[in-house]
Every structure is written in C-alpha cells, then in structure tokens.
Amino acid sequence: MKNPFIKMATGLYISYFILGMINIIIGSNMENLSNQLNTSASGISYLVSAIGIGKLVSLFFAGRLSDKLGRKPFVVSASFIYLIFLIGIPLAPNYTLAFIFAVCAGIANSFLDAGTYPALIEAFQQKAGSATVLVKAFVSIGAALLPFIMAFFIARDMFYGYTFFLMAAVYLVNGFFLLKVSFPDHKAQSQTQNDKQAVPVQQQFLSKPKFAQEGLAVILLGFTSTALFMLVQVWLPNFGQDVLGLTQAKAVQLLSYYSIGSLVSVILLAVLLNKVIKPITVMIIYPVIAALSLLSLIYIQQPFITVLSAFFIGLSTAGVFQLAMTIITEFFPANKGTITSYVNIAGSSAFIIIPFITGIISKSAGLTAVFLFDVAIAAISILLAVFVAYRYKQVIKVSNKTF
C-alpha cells in the first residue's frame with residue numbers, strides 16, 4: 001500500500017533542497033556581501049553565527065510546541081520566514097539589518113527541523129533512518145547546484161541577489177503546497193509511544209537508557225557533526241583561493257565536489273542503512289574518513305588530491321547529524337519533537353560558536369589552522385561515537401546482524 005504521506009515528504013525534501021543552497025550562499029558570496037555591507041570576510045562569517053543565534057533561541061520552544069501543536073504549522077511557517085532572509089539579505093543597506101535577516105533564517109531553520117524530523121520518523125516508522133538521511137541528500141543536491149546557478153548570473157553580469165530571489169520563489173510556492181498536504185497525527189503517535197512505554201522496559205531495552213550518558217553524547221555529536229560540515233562550507237572557497245592559489249570560480253567549485261560527495265554518501269546510506277550497516281557504525285567510520293581527507297587537503301596540495309579530498313570531506317560529513325537525530329529517538333522514543341530539539345540546539349550552537357572561533361583563528365593563525373581545528377573536531381567525534389556505540393550495545397536489543 002502506498003504511503004499516504006509521500007506528498008508531505010516531497011514538500012519537506014524540497015524545503016531542504018533550498019536549504020542546501022542557503023547553507024553555502026553566504027560563504028559563496030563573501031566578496032559581494034563584504035562590499036555591500038562594508039565589512040571583512042570575518043564579518044560576513046559572523047552572519048552565519050547570526051543564523052545559529054536565531055536557530056538556538058527558537059529551538060528552546062520549537063520542539064516542545066511541535067509535540068503539542070503538530071508538525072505542519074512549523075514547516076509551513078519556516079517556508080514563509082525564509083522569505084525575509086532571502087529577500088532581505090541582497091537588499092540590506094547595512095550590516096545590522098543583514099544580521100537581523102540572518103537571525104530570521106535561523107528561526108526558520110529551527111522551525112523546519114522541529115517539524116520535519118518528527119514528521120518523517122512518524123510517517124516512515126520502518127525506514128526512519130533512511131527517511132531522515134534523505135534530508136541530507138536534498139541538502140547536498142541543492143548545495144551542488146548553487147555554484148552553477150551563481151555562474152549563470154555571473155556570466156550575464158546580473159545582480160547576485162537574483163539567486164536569493166529564485167530561492168525565495170520556490171519557498172513561497174512550496175509553503176502553500178505544504179499547507180494543503182496531510183501530515184501524520186502527532187497525537188496518535190504520542191499515544192502509541194505511551195502504550196509502548198507501558199510495556200516492561202526489558203522487552204524494549206536491555207537496560208534503562210541514561211540521558212546523562214548516551215543522551216548527552218549523542219547531543220554532543222549533534223554539535224561536532226554540524227561543526228565539521230559548516231566549517232568547510234564557510235571557509236573552503238577562501239582556503240582554495242588563499243592557500244591553494246585557485247581562482248574564485250575554481251575555489252567555489254570545490255563546494256560542488258564537496259556536495260557531490262555528500263550526495264553520493266546519503267544515497268549509499270539510504271540503500272544500505274539497517275540492511276548492511278547500522279547508523280552508529282556510520283557515525284564512527286565517517287569522522288575517521290573526514291579527518292584523513294582534511295589532512296590530505298591541507299598537506300597534499302595537488303589539483304587531483306584537492307578535488308578528491310573535497311569529495312571525501314563531503315561524503316564523510318553527510319548524514320551524521322541526521323543519524324544522531326534517529327539514534328537519540330531510539331534511546332528515548334517518547335516526545336520526539338522535544339528530544340530531537342536537544343540535538344538541534346547543539347547543532348545550532350555550532351553555527352554560533354564555530355564561525356566566531358574560526359574567524360579569530362583565521363586572523364591570528366591563518367586558514368590552515370582553521371582546517372586543522374576541523375581535524376580536531378573529527379577526532380572528538382570519533383571518541384563520542386565509540387562511546388555511543390558501546391552504550392547502544394548495552395541498552396538496546398538488536399535483532400539483526402548488520403554491523
């Protein structure tokens with residue numbers, strides 16, 4: 001029987017397709033925005049922090065309200081709030097207004113996450129991991145296409161803001177589409193979870209999950225997994241120009257190779273997840289690949305290796321955040337909107353903290369040090385994932401033989 005929520009999922013994935021472009025559009029337009037707002041590249045990187053501020057503040061209540069009011073109001077609101085950012089940034093006359101518009105993007109992002117992840121998990125309960133990882137697939141597709149859209153407007157010497165306006169038009173149409181489609185009954189889902197909680201805990205778990213241990217570790221993975229990919233998205237074009245000596249066009253293209261790697265990864269995960277490999281195993285392997293790829297990018301500065309490194313960085317950072325969302329709901333299945341909001345809060349904190357720290361590092365020690373900092377984040381991710389895997393085996397009954 002066809003799943004009745006396919007239309008809903010389509011609309012949600014379209015939202016993340018455009019979000020993939022939003023994630024890199026500030027970094028890709030650093031020069032244009034620096035000139036427009038009369039600030040430095042570091043100042044533009046702080047706009048990414050503003051997105052994190054908006055997301056962090058709103059996530060404190062978005063997840064809980066999503067559990068109470070349902071998922072649809074939040075994903076629909078997100079589409080329309082994004083219009084403020086996408087129309088406002090290219091037209092912003094000063095840095096202060098641009099900062100406010102970036103905060104609005106953060107609020108929209110948290111609303112979208114608070115509604116989307118619980119809705120997908122509830123609509124596709126048997127394939128929740130694959131459904132949430134596909135979010136990253138559409139993010140990657142959007143990010144891969146943005147440089148080509150930008151190139152179209154640049155080649156015709158057109159206003160850079162047309163890229164923003166095109167994305168705004170898609171969000172406007174998709175917002176009305178999502179308003180009309182059906183979503184799972186979140187109250188019915190909550191009741192189902194309550195019924196499951198009435199079952200003796202040993203029938204679901206080998207031991208009782210501990211929020212202060214595995215819960216906190218998964219939340220921290222939400223931070224490190226976000227930090228890994230967003231640092232690259234913000235600084236890779238600048239690294240390509242300033243350290244590798246590439247032209248602006250070639251440096252921006254590195255984001256396309258990165259995004260293609262992300263797309264390949266999430267397609268593989270969507271096919272293999274829970275059939276061949278477990279989410280927690282991926283969360284250990286991927287940071288290892290990320291660390292090796294980052295080191296190759298830094299120290300083997302040859303054209304082919306640079307492209308290959310960008311590809312594998314994208315491959316190894318894609319889907320980890322989404323898998324963290326899935327894993328924490330396995331540990332704590334009740335109130336998905338609330339529990340996933342904790343992971344989102346951690347990810348939003350990365351949006352604030354990482355641009356601020358890397359802005360300081362880039363000024364004082366250079367861009368190579370920025371990417372070495374990313375290697376350290378990958379190492380922390382490995383340690384956290386190993387601990388979560390250890391607790392997973394102790395807590396959750398595993399019926400299949402995937403690794």
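The values are calculated or read from the model by the stated rules, or taken from the named source; none is laboratory data. These numbers come from a predicted model, not from an experiment. All Cβ positions, glycine included, derive from the backbone under ideal geometry; neighbour counts span all protein chains shown. Areas reflect the complete protein model, heavy atoms only, side chains present, ligands, DNA and RNA absent. Shrake-Rupley method; radii C 1.70, N 1.55, O 1.52, S 1.80 Å.
Placing dummy labels 7 Å off each Cα toward the beta-carbon, the span from Phe176 to Leu206 is 5.4 nm.
Less than 12 Å Cβ to Cβ from Val181, Lys/Arg counted +1 and Asp/Glu -1: what total charge do the surrounding residues give? The partial results should precede the final answer.
On the way: positive: Lys7, Arg71, Lys72, Lys180; negative: none.
Net charge around Val181: +4.
The modelled label-to-label distance between Lys68 and Gln394, using points 7 Å beyond Cα along the C-beta direction, is 3.5 nm.
Carbon-plus-sulfur accessible fraction, the chain (probe radius 1.4 Å, protein heavy atoms only): 68%.
Sequentially through segment 154-168, phi angles give Karplus couplings (6.51, -1.76, 1.60; θ = phi - 60°) of 5, 4, 9, 6, 9, 4, 4, x, 4, 4, 4, 5, 4, 5, 4 Hz, Gly and Pro residues having no value and appearing as x.
Using heavy atoms of the protein chains and a probe of 1.4 Å, the accessible area assigned to Lys136 is about 10 Å². Rolling a 1.4 Å probe over the heavy atoms of the protein chains gives the chain an accessible area of 40 Å² per residue.
For segment 63-156, rounded, prolate or oblate, judged on the Cα gyration tensor with a ≥ b ≥ c (square roots of eigenvalues), a/c < 1.5 rounded, else prolate if a/b > b/c? Provide the component values of the computation, followed by the final result.
On the way: a/c = 3.49, a/b = 1.42, b/c = 2.45.
Judged from the Cα gyration tensor, segment 63-156 comes out oblate (a/c at least 1.5, b/c at or above a/b).
For the chain, the longest principal axis of the Cα atoms and the long axis of helix 186-198 meet at an angle of about 50 degrees. Students often forget the sequence filter, so: which aspartates and glutamates lie under 18 Å Cα-Cα from Lys275 once same-chain residues fewer than 8 apart are removed? Correct list for Lys275: Glu330.
Separation of segment 106-145 and segment 246-284, taken as the distance between their Cα centroids, equals 15 angstrom. For a straight C-alpha distance cut-off of 19 angstrom, the aspartates and glutamates reachable from Lys136 (same-chain residues fewer than eight places away being disregarded) are Asp113, Glu122.
Net charge near Ala62: determine it from the other residues with C-beta under 15 Å of the C-beta of Ala62, scoring Lys and Arg +1 and Asp and Glu -1. It would help to have the intermediate numbers written out before the result.
Working: positive: Lys55, Arg64, Lys68, Arg71, Lys72, Lys336; negative: Asp67, Asp113.
In short, +4.
A 1.4 Å probe, protein heavy atoms only, puts the accessible area of Asp185 near 90 Å². Note on surface exposure: Asp242, Asp113 rank Asp242, Asp113 by accessible area, highest first, 1.4 Å probe.
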